[in-house]
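The structure appears right after this line, and notes come after that.
What follows is calculated from the coordinates using simple rules that are stated; it is not laboratory data. In this text the structure is predicted, and so the values were computed from the model without any measurement. Reconstructed Cβ throughout: ideal geometry from the backbone, glycine too, with neighbour counts over all protein chains shown.
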Amino acid sequence: MSFKKEPCRNFQRGHCRFGEACRYLHVTQQQPKSNVFGFGTQTGLSQQKKSNPLGFGTQTGSHQQQKSNPFGFGVQSSSHPKAGTDFVSKQNQSKLFQNTWTRSTSTPTGVAPQKSDNETQAANHKCTDPEACRRQIVEDFESERPLWKLTCYGHSKNAPCDIVGDISYEELRAAAYDDAKHGLNFQSIVERERNLLSSKLVEFDNLLRKPYAVPPGRSSSQTPFSGARPNSFPLTAQNSAPPLVSSFNQLGASQNLGLGIRPFTPSNNAFVQLNPNPFSSQSSNTFGTNNMPHRSEGAFNGHIPARTRGSPLHLI
Amino acid sequence: MPAPFTVSQLISGSNFEAKFPLSLSLSHGFGVSGGLSLSLSLSLSNLLVVVVSEVPMSAFGTPTAPNPNPNKSFEVAQPPSDSVSSLSFSPKANYLVATSWDNQVRCWEIMHSGAVVGSTPKASISHDQPVLCSTWKDDGTTVFSGGCDKQAKMWPLSGGQPMTVAMHDAPIKEIAWIPEMNLLVTGSWDKTLKYWDTRQSNPVHTQQLPDRCYALTVRHPLMVVGTADRNLIVFNLQNPQTEFKRITSPLKYQTRCVTAFPDQQGFLVGSIEGRVGVHHLDDSQQSKNFTFKCHRDGNEIYSVNSLNFHPVHHTFATAGSDGAFNFWDKDSKQRLKAMARCSQPIPCSTFNNDGSLFAYSSCYDWSKGAENHNPATAKSHIFLHLPQESEVKSKPRNTTGRK
């Protein structure tokens, strides 16, 4: 697509002097809220809270006034854009800060206000209609598949992930560099990455196919697979001997960690060490599962009835 | 690992890769194929001044090879030999630090006068493994860097050995200096955030995160941490031991970068799905939240790797894996300027302290895995762009007129 622009008002009125060269879109009767601009897109279902079409200039006056500064600091901005304006004087800041902060601190922990925030945010989407959710997922997968595949995914903006197990560019690269340092050849590194990719794609496929029965919940799933020996060498297709267990374990471990919300407590998987040394080679069922996508699928099918929660990569 | 270069080596010219007088055979791969002719000259103070003159071309639209520098940005001398992972300008002066996957942290002095920009490599230090993040102390004297060796180093630029000041159990992905607390904060893939007093070897505080730290932004007292699996945790640094708020990202895919608004009312979050979310912290401002798409090319959806606010105008820049960087204004919800696409992804970018320089690197970010990494031919560039007022100054929304 070329530049996303607003629809041309002149054209809509019937007479635009720029014609083809016009920098606005010559379409008729487009809703102002269409994402022709790419801005203000409210994807997801009935996000009423945020469905302010253009999102700006439509605030009621009261909103702009002395809003309770959540943090108790910072500029009490009006809608005036920050064209070089400096922060509000510090005195204001501290004063406001004290006011709201004392309020916040009066709550037992930070959790209480946070929860209500979360609730209001997530209130828009409660996955009560699996069909609608499913449609959303289908639509997302058709039109909005990013190029980077090793990612988590949530079909609803503020709801937890449907697919967990993020791997970032840097993590993958760090693992590859680490492997290379340990003498692994380029081809094996590429193989390992490809395996990661294919298991992740399987996960996405499964999400698409499976009905969305319950809201995502963190569940321990995935029995440990065959323990693979650390640092055993090159890939054999149906073998549980992973080539790069060390680094892959790191990824596996991280993904494990990612799957559970529990911050740092050791997961149910006994064999995966969480903190101490993600780089150390641990036997990894993750790799085992990776190598055998079918088996893993079967396994977690057994464990996770309707949701594609765990992935072959994760073990929790 | 390459030995750190020193200023004396520089003067002798032995490390310069450019040949003088310059013809089109620059090793950095300037945009030769685009029909531009370049001339380089070395001034007395070891400045590299690039003069780019355009040769009129008949068929400009189809260069034979993709242009690594289509924006004609100034290129920083002696870029790292492997991809750049972070860029950081000194808050006090035009010193640029870049960390790289070649284990080095390098510092350049950038000379900027009018439309002329020059760079001088100044010094560098090594880590044992790739370095992922860097930040400056607020007084501009010290650089902190952290990376895959799970350590963060403190490097006093005026001389003196770098010292390890932080340790984690997994690579350190993000680092920031908090002057109001005189503490360094590091975020790691070991799912913790640690606060360090650089004089002590134990962290002042360790904060558990729900998942690996992917992104961090600090504007006291606001701190936002983006982790794996789309968690965004907001902290009030007046009470850093408590999560102020934990939200799930308004974007659907992996969080890539976050940056706080200059007025601390909220933050921007960028993801791998070519989308940026604008999020306000205050509930009463939730209606101002929105997301927008960017860094997409047809059906290809690239990730947004870096978000930076302009320090003066408070507009912001995004840089992505498509090799482009854009300037946006969130208040009027417009894109102020779309820059041309470089031939390689842009993994990181930053403004200098007054917004007169925008540094970005063009190098492989691993967005297509190991198979697309060719160490033999891969080149990393660090470019400096001079933002024009029209690009970074906010404009009222164009409703009836043109331009």
Spatial extent of the stretch B:160-250: Rg and Dmax, with the Cα atoms as the point set, Å: 12.6, 45
With θ set to phi - 60° and the Karplus curve 6.51 cos²θ - 1.76 cosθ + 1.60, what are the ³J(HN,Hα) couplings of the stretch B:88-101 in order, to the nearest whole Hz, using x for Gly and Pro? 8, 9, 5, x, 10, 8, 8, 10, 10, 10, 10, 10, 9, 6
Ranking of B:E300, A:E144 by count of other Cβ atoms within 10 Å, fewest first: B:E300, A:E144
Expected output is a single nm value to one decimal: the length gained when fully extending between B:N374 and B:S158, i.e. 0.36 nm times separation in residues minus the C-alpha distance. What is it? 74.1 nm
Taking amide hydrogens as modeled 1.01 Å from N in the peptide plane, which residues meet the under 5 Å criterion relative to B:H112, leaving out close sequence neighbours? B:G118
Between rounded, prolate and oblate, where does the stretch B:64-149 land on the alpha carbon gyration tensor, with a ≥ b ≥ c its root eigenvalues, rounded for a/c under 1.5, else prolate if a/b exceeds b/c? oblate
What is the magnitude of the charge dipole of the stretch B:146-216 about its Cα centre, with +1 placed on the Cβ of each Lys and Arg, -1 on the Cβ of each Asp and Glu, and no other charges, expressed in debye to the nearest 20? 80 debye
So which of A:K200/B:K368; B:K150/B:K368; B:K72/B:K173; B:K72/B:K293; B:K150/B:K245; B:K173/B:K293 end up more than 20 Å apart by C-alpha? B:K150/B:K368; B:K72/B:K173; B:K72/B:K293; B:K150/B:K245; B:K173/B:K293
With a ≥ b ≥ c taken as the square roots of the eigenvalues of the C-alpha gyration tensor of the stretch B:220-274, please select rounded if a/c is under 1.5 and otherwise prolate if a/b is larger than b/c or oblate if it is not? oblate
Residue by residue through the stretch B:189-203, the couplings from Karplus 6.51 cos²θ - 1.76 cosθ + 1.60 with θ = phi - 60°, in Hz, x for Gly and Pro, are 6, 8, 6, 10, 10, 10, 9, 10, 8, 5, 8, 10, 8, 9, x
When A:H15, B:H280 are arranged by how many other beta-carbons sit within 10 Å of their Cβ, fewest first, they go A:H15, B:H280
If you average 1/r across every pair of different Cα atoms in the stretch B:297-403 and take the reciprocal, what Kirkwood value do you get, in Å? 14.7 Å
Taking amide H positions as placed in the peptide plane 1.01 Å from N, state which residues far from B:H205 in sequence (5 or more) or on other chains have amide H under 5 Å from it. B:Y195
Tell me which GluC sites (Glu not before Pro) from the stretch B:312-401 have a DSSP coil assignment and no more than 16 other beta carbons within 10 Å of their own. none
Quick check on the exposure proxy: order B:L307, B:L357 from fewest to most C-beta atoms within 10 angstrom. B:L357, B:L307
In Å³ per residue, the alpha-carbon convex hull of the stretch B:342-388 encloses 72 Å³
Given axes a ≥ b ≥ c from the Cα gyration tensor, I'd like to know whether the stretch B:99-193 is rounded (a/c under 1.5), prolate (a/b larger than b/c) or oblate. prolate
